[in-house]
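Working notes, beginning with the structure itself.
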Amino acid sequence: MTTRLVAARVTSLSFTEALISTLGRRLPRLVIERVSPELDGGRYPVKRTVGAAIEVGADIYKDGHDQILARILYRADEESGWRAAPLTYDYAPDRWHGSFVADRVGRWQFTIEAWPAHFHSWRLDLEKRLEAGQDVRGELLEGARLLARAAERLGAGSRQVAELLASRVGDARLELEERLRLALSEDALACVPGPLDPAEATRYDWVLDVVVDAAVAARGAWYELFPRSQARVPGAHGTFRDTERRLPELAELGFDVLYLPPIHPIGTTHRKGKNNAPSAEPGDVGSPWGIGSELGGHTAVHPELGTLEDFDHLVAAAAAHGMAIALDFALQCSPDHPWVREHPEWFFVRPDGSIRYAENPPKKYEDIYPLDFWCDERDALWRACRDVLLHWVAHGVTIFRVDNPHTKPFAFWQWVIAEVQREHPETVFLAEAFTRPNRMRGLAKLGFSQSYTYFAWKNSKEELTEYLTELTRTEMVEYYRPNFFANTPDILHEYLQRGGRSAFRIRLLLAATLSPAYGIYSGYELCENVPLHEGSEEYLDSEKYQLRPRDWDAPGNIKSDIALINRIRREHPALAELANLELCETSSEQIFAYAKHTLGDRLIVAVNLDPHEAHDAMVSVPLQALGLDAERPFGVEDLLTGERYVWRGSDNYVRLDPAVRVAHLLLVSGQPAPEQSSR
């Protein structure tokens, strides 16, 4: 548009209209910027758990010397009106802070509103004039006028108070001292909770979203098992009832979530044999991820596991033991899946009419057909996938571990998670994505409640330090909830293969104390560590392709470690948080140390990362973060052994022999805990 045309357009508008046209919005009285928490300019929601205080901050300022007032406006997604919480000004960082509590699970919104505080500015000027000995009777008339204006916007009861105050502050017949007392009273301030003129209020340009989840979305101990391997008779196919018999032990070990791989009928076409053999032998059970047969698809259960009623009984029994059932949600089909026959258009069809099976060259998965999420009939496909989730939610499942979500469209996940959580906001989705960092972060932003991580491959002090700094000291803490699985059916890291029993104890303690959510795959407690071959992370005789009965009380098991650590996790709220991690300097590359603290609970952890040799080191304690006086000794109690020590100052000595103990998990005592608020 040329300058002449712009000028012609402006002259046709009023001055105010022209200004609004230029600025693109109502004339702002203040500036509101650098709002937190805010993710990608408000494109994605941040995540919190129900009942936790949502801390909000902003830079708010205006021209001149007027006082400012500001507040948080917040509401649950289904609420039409706003609730309000105050923002207070902190002079040192020149920033406003406040918080609100989301009292139920679901999606919440918040924004910020600020306005010139005319009455507060008037009071401040009045106090300055009094200090200077000036005559303030004229100013009292102005104050009375402001109180009268405020009264016009108040409810009946408060209006009467404001009108009375206005009358008395402006009444020249009263003693000056009485008028001043009333003008400077807290009652007078309470009469002006908001802007005197709504047009003077400035709102932040965006309404920001917060996803508020149940606690299990952010924390919990997970245990993964294959129900088909739970039979007590070697060689027999396990059932849901067999799995149910293990619940008391798993509850005793302190697990919160029992995760089951796919429980659906398994196809026979191109079924995999033992150790992923291309062809199955008679009696081979196949991979549970080869989903679907003539007996049904994603909404059916494998008949050898039992019936749908048996599954319902398992869900109820787990709940009675304080555990939730998580199901695998794997969107792929065996060649025998009903969808292949009923909806071939949902798959990748080759020019010769055949359907393309899954490949990740050089790997081939002939027993699986991937779905074409961008096919012409994608609306029907997407709805069918959503309905699978709703089917299992109706059967009491509210936690889904999603298989390889990075191989399906991000748009699909954003849609389907929102669809399910709209009616069932308590539903939790765990992203099993071991892929490029941006993809993993992107999945978390668009709606996944939890995420698998690179933890299994972070075994050195340097690797752990770098990765934990990223997870806890960047914006990832606002949306990425890590679940530190120490192993999976696909991941048996070399550290566990070569480190023996001590390696399993080390990684268990790290996973369980570094992250509020962690998990192990069954067999971990027995320290199973034999790979398929040298250089492989696959298990020999992998349970993915065959039954694997076990003696759960075999010598050398670490079940006592698991039970103790899970009990400590439940008893110490500092371990239920992520962002409270304080990494500690140590004088040895093999000693990794960190602190976690919250109100009334201070922990220091020192771990020997070498599963073979003893190491010692000086550990630098973050005294200020823990509220400790450098000049006074403080007590520490090892929660793993009950032993007590007296430490002093920042540098303290530890020696850890993995043959005896792999770590200290120390509770700080002996000095008062600092006043602090939990995130």
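Observations, loosely collected:
- Linear extension gain, Lys363 paired with Ser650, 0.36 nm per residue minus alpha-carbon span: 98.1 nm
- Peptide ranges 503-509, 153-159 listed from the most packed, as the mean C-beta count within 10 angstrom indicates: 503-509, 153-159
- For region 362-466, fraction of C-alpha pairs farther apart than 18 Å, in %: 56
- Here's the picture: a label point sits 7 Å out from the Cα of Leu130 along the beta-carbon direction, and within region 181-220 the residues with their amide nitrogen under 11 Å of it are 181-186.
- Inter-probe distance in nm under a simple model that places probes 7 Å from Cα toward Cβ, at Glu463 and Trp415: 3.9
- The helix-based estimate of mean residue ellipticity at 222 nm for the chain, built from -39,500 (n - 2.57) per DSSP H run of four or more residues and divided by its residue count, is -9000 deg cm²/dmol to the nearest 500.
- Solvent-accessible area per residue in the chain equals 45 Å², computed with a 1.4 angstrom probe and all protein chains kept.
- The lysines whose alpha-carbon is closer than 28 Å to the alpha-carbon of Lys596, local same-chain residues fewer than 8 away aside, are Lys47, Lys445, Lys458, Lys461, Lys559.
- A simple spin-label model places the labels of Lys274 and His612 3.2 nm from each other, with each point 7 Å out along Cα-to-Cβ.
- Two-site FRET efficiency, Leu623 against Arg95, from Cβ-Cβ distance with R₀ of 25 Å, rounded to 0.05: 0.40
- Rounded accessible area of Arg441 (nearest 10 Å², 1.4 Å probe): 50
- Charge tally in the Cβ shell below 14 Å around Asn557, where Lys, Arg are +1 and Asp, Glu are -1, Asn557 excluded: -3
- Within-10-Å neighbourhood charge of Val35 [Cβ basis; K, R +1; D, E -1]: -3
- Rounded percent of accessible protein surface that carbon and sulfur make up, the chain, 1.4 Å probe: 50
- Dipole in debye (nearest 20) - the chain, about Cα centre, beta carbon charges: Lys, Arg +1; Asp, Glu -1: 900
- Net charge of neighbours whose Cβ lies under 15 Å from the Cβ of Phe592, counting Lys and Arg as +1 and Asp and Glu as -1: -2
- The HN-Hα couplings worked out from phi for region 220-228 by the Karplus form 6.51 cos²θ - 1.76 cosθ + 1.60 (θ = phi - 60°) are x, 9, 9, 10, 9, 9, 9, x, 5 Hz, whole numbers, x standing for Gly and Pro.
- J(HN,Hα) series, region 322-335, from Karplus relation 6.51 cos²θ - 1.76 cosθ + 1.60, nearest Hz, glycine and proline x: x, 10, 10, 8, 10, 10, 6, 10, 10, 8, 7, 9, 6, x
- For region 215-235 and region 101-116, distance of Cα centres in Å: 38
- Its relative contact order, with pairs defined as Cα atoms under 8 Å and 6+ residues apart, puts the chain at 10 percent.
- Here the spin labels are modelled as points 7 Å beyond Cα on the Cα-Cβ line, and at Asp387 and Glu177 they lie 8.2 nm apart.
- Dividing the C-alpha radius of gyration of region 571-679 by 2.2 N^0.38 Å, with N its residue count, gives 1.02.
- From the coordinates shown, Cα extents along the principal axes in Å corresponds to which of [x] 104, 70, 51; [y] 89, 82, 66; [z] 85, 70, 48: [x]
- Once backbone amide H atoms are built at 1.01 Å from N, Phe484 has Ala517, Tyr518, Gly519 as its partners under 5 Å, excluding neighbours fewer than 5 places away on the same chain.
- A Förster radius of 25 Å, combined with the Cβ-Cβ distance separating Glu55 from Gln671, puts the computed FRET efficiency at roughly 0.40.
- Mean Cα-pair separation over length for region 100-183, i.e. relative contact order, pairs under 8 Å, 6 or more apart, %: 23
- Relative contact order (percent, whole number), region 251-371, Cα cutoff 8 Å, 6+ residue spacing: 29
- If you model region 176-242 as an ellipsoid using its alpha carbon gyration tensor, with each semi-axis the square root of five times an eigenvalue, the axes come out at 69, 18, 7 Å, biggest first.
- Of the residues Leu176, Leu154, Leu124, the one whose Cα sits farthest toward the positive end of the charge dipole of region 124-183, with +1 on the Cβ of Lys and Arg and -1 on the Cβ of Asp and Glu, is Leu154.
- Cα convex hull of region 220-324 - mean projected area over all directions, nm²: 7.0
The values are calculated or read from the model by the stated rules, or taken from the named source; none is laboratory data. Predicted model only: the values in this text are computed from it and were never measured. When we count neighbours, we look across all protein chains shown, and the Cβ atoms used for this are built from the backbone with ideal geometry, even at glycine. What goes into the accessible areas is simple: the full protein's heavy atoms, side chains included, and nothing from ligands, DNA or RNA. Shrake-Rupley method; radii C 1.70, N 1.55, O 1.52, S 1.80 Å.
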